[in-house]
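Take a look at the structure below.
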Amino acid sequence: MNTVIDLQNLSIHLPLQRARLRRKMLAEGGNGGRVIQTRSGECVAALRGIDLSIKSGDRIALLGRNGAGKTTLLRTLAGVYLPSTGRAKVTGNVATLFSTTLSLSDYETGRQNIQVSGILRGISQERIKILLPEILKTTGIGELIDLPLSKYSEGMKARLGFAMAILAEPDLLLIDEVLNAGDAIFLSAARKKITSLSGPDKSLIIASHSEELLGSICNKAIWLERGELMSFGDFKSTMQAFKDWCAAQA
Amino acid sequence: MGFLHTEHTSFADEARQAWCDVVESLRQWPLWIKLGIRDVFVQYERAVIGPFWLTLQAGAWIGAIIFVFAGVLDETGRDYAAYVAIGLVLFNFITTTVTNGSEVFIQNRIVIHSHPSPYFAYVLRLAVSALFQLALQSIAIVITFIIIGEKLSPLAWLAIPGLMMGIVMCVVLALTFGLAGVRFGDFRFAMLAIMRLMLFVSPIMWRPETGGWLKKMAANINPIAYYIEIVRGPMLGQVPELWVYGAAMAWLLSFTLIATIWFILARRTISMWV
C-alpha cells in the first residue's frame, strides 16, 4: 500500500486575533492549543510536532476533546492550512466534508446548489449531469431536490453535503463532524457509501464524537490532545486509551 | 492531485506561489464569472424585481441629489443631471468594490476553510459582481439621459480605456483591502465609514472648477476623482487633460505594488486569519 499522508514535524500556529479574549479563555482552562510567541506575534500552537505516516486503504477516526486540533489537522490535510514548521505531503485526490453549507444558498434549489458546489470543487458541469442520478440516490432527497434549500432540515442538508463531497470520487475523504446531523437511515446509507468507497487505494479520516459511528466505519484511530499526537494505532485500543484518559481527567 | 506543503521559505518562492495563484485564478474564469453574477441574484432572490432594485436605487439617488443640490449649488443646466448620474453610478461601483473588497476573504471563510482554491479568484468574483451591479445601475444613467434629452458625446468611446483602468484599479483595491480586512478586524468598518464620507468629498454633486481652492484640493488629492473623471469627462464631451490620466495611472501602479508585495507576504496565512 502507498503512503497517502506523510507529516514530518508538522506544526500549525494560528494567529491570535482577539488576543485578550483568547488568553482569558485559555487561562480559564480551555482545551485548545498552547499560546506561544512567534516572530509574527502571539499564536495558538494548534498542532505541534506531528509525525505521521498513513497508508492508503485506512479508515481513520480522529479522536480528541474539543480544541484538541482535529479540525486543524483535517484542514491541513485538505491543503487549507500551510505548515508553520515541518512539512505535509498528501498524495491523490482529496475531498472534504467540513460544512453542510459550503457555498449553499438557502434560496436556490438543491439541484442548483449541487451545480455550484461542483464548480467550486472543480467538477465540470457535464460530469455533474452524469453524476446527478447517483447523487439523488445517495441523498434520498427525491423530488425535494428542486425545492429551495430553505425548506431543507439540517439533516437533509447534511445528506446533500455528503453527496457533494463524494462527487469527486476522492482518494482521500476528510469528514469533520457534519454527519452527526443525519438521521439513522441516512447514517446507515452514508456508512454503506463510505464502505463502498473504500479500497486499497482509498482512504478516509473522520472526526466525530460518536463512538458508534466511528466504530462502524474505522479500522484505525488518531488521538490528539492540545495539538499533540498522543497515539495512532488500531481503532479499539486507541479509543480505549482515549476513554481511559478522559475518565482520569474527569 | 495531492500536494507537498512546507514551512515558509524564501520571498522568491512565495512570489512564485502567488503568481501561480493569480494564473490559476485567471484560468478558472468560468467559475468566478458565473459565481459573481449569481452573487447579485442571490442577494435579491426574494425580491419580485430582483437585482433591478439596484437600478431603482441609483435612479432614486440621482433624482434626490439633483432635486436637493441643483438649486443649492446654482446648477441649472441639464448637463448637471448627466454629471451627477454618471458620477454617482461610478462612485457606487468603487464603493461596492472597496467595502465588499475589505471583507472578500472573510465572507468566503467557509469555502476557504473547506478546500484549497486560489485566493485571487475570490477577488475576481467580487469584481464581476460589482461590474454586474454597475451594468444594472447604468440603466439609470440611460434613463436620465433620455429624460433630459442629452446625447452621448462622440468622444464617449474615450471613456472605455478609462473604465478599463478603473476596473483594474478596483480589482487591485479589492485585493489590498481584502488582505487588510483579514488582518485587521476593524478595517472593513473603517472603510464603510470612510466611503460614506467620500461621497461628499468626491466631485459627484459638485464640480471642482466651480468651487474655491478647498474643493480643487479635495479633487486633486482624491484618487476617486481621477477615476470618475476619466470616464465621465469623455461621456460628457470633455476629454480630461493628460495629467489626469497620469495621476490615475500613478495611483494604479502604487496600489498594484502594495497589493503585489502584501499578497506575496500574506497569502499563505489568509486561511488562518479568516
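If I filter the stretch B:45-77 down to residues being within 14 Å of chain A (Cβ to nearest Cβ) and not in a loop (DSSP other than H, G, I, E, B), which single residue comes out as nearest to B:I141 (Cα to Cα)?
Result: B:P51.
Got a sec? Which of B:P234, B:P208, B:P203 is modelled with pLDDT under 90, surrounded by 15 or more Cβ atoms within 10 Å (Cβ to Cβ), of a type outside the set (G, A, S) and over 30 Å from B:H113 (Cβ atoms)?
B:P208
Any residue in the stretch A:63-87 that is within 13 Å of chain B (Cβ to nearest Cβ) sitting within a Cβ distance under 8 Å of a residue that is among the charged types (D, E, K, R) and part of a helix (DSSP H, G or I)? List the pairs, counting only those 6 or more apart or interchain.
Qualifying pairs under 8 Å: A:Y81/A:R75; A:L82/B:R268.
Given the stretch A:144-221, what helices (runs of 4 or more DSSP H) lie entirely inside it while holding 1 or more residues that are of a type in the set (D, E)?
Here the list reads A:154-165, A:211-217.
Just to verify a result, which residue in the stretch B:97-133, among those that are more than 26 Å from A:V80 (Cβ to Cβ) and surrounded by fewer than 23 Cβ atoms within 10 Å (Cβ to Cβ), is nearest to the other protein chains (Cβ to nearest Cβ)?
Per the criteria, the residue is B:F132.
Taking the stretch B:167-188, which residues are at pLDDT below 95 and aromatic (F, W, Y)?
B:F184, B:F187
Of the residues B:V172, B:V142, which single one is more than 14 Å from chain A (Cβ to nearest Cβ), within 23 Å of B:S254 (Cα to Cα) and of a type outside the set (F, W, Y)?
The conditions single out B:V172.
Run B:A121 past the list (1) at pLDDT 90 or above; (2) over 17 Å from B:I33 (Cα atoms) and report the number of the one that doesn't hold.
Condition (2) is where B:A121 drops out.
Can you name the condition, by its number, that A:I50 falls short on among (1) surrounded by 21 or more Cβ atoms within 10 Å (Cβ to Cβ); (2) at the interface with another protein chain (Cβ under 7 Å from one of its Cβ atoms)?
Unmet for A:I50, out of (1) surrounded by 21 or more Cβ atoms within 10 Å (Cβ to Cβ); (2) at the interface with another protein chain (Cβ under 7 Å from one of its Cβ atoms): (2).
Considering only residues that are surrounded by 13 or more Cβ atoms within 10 Å (Cβ to Cβ), away from chain A (no Cβ under 14 Å) and more than 24 Å from B:V244 (Cβ to Cβ), which ones fall in the stretch B:181-200?
Residues satisfying the conditions are B:F189, B:A190, B:M191, B:L192.
Scanning the stretch B:2-37 for residues that are within 23 Å of A:V116 (Cβ to Cβ) and modelled with pLDDT under 90, which turns out surrounded by the most Cβ atoms within 10 Å (Cβ to Cβ)?
Here the answer is B:L35.
The values are calculated or read from the model by the stated rules, or taken from the named source; none is laboratory data. This is a predicted model, so every value here is computed, not measured. Backbone-built Cβ (ideal geometry, glycine too); neighbour counts: all protein chains shown.
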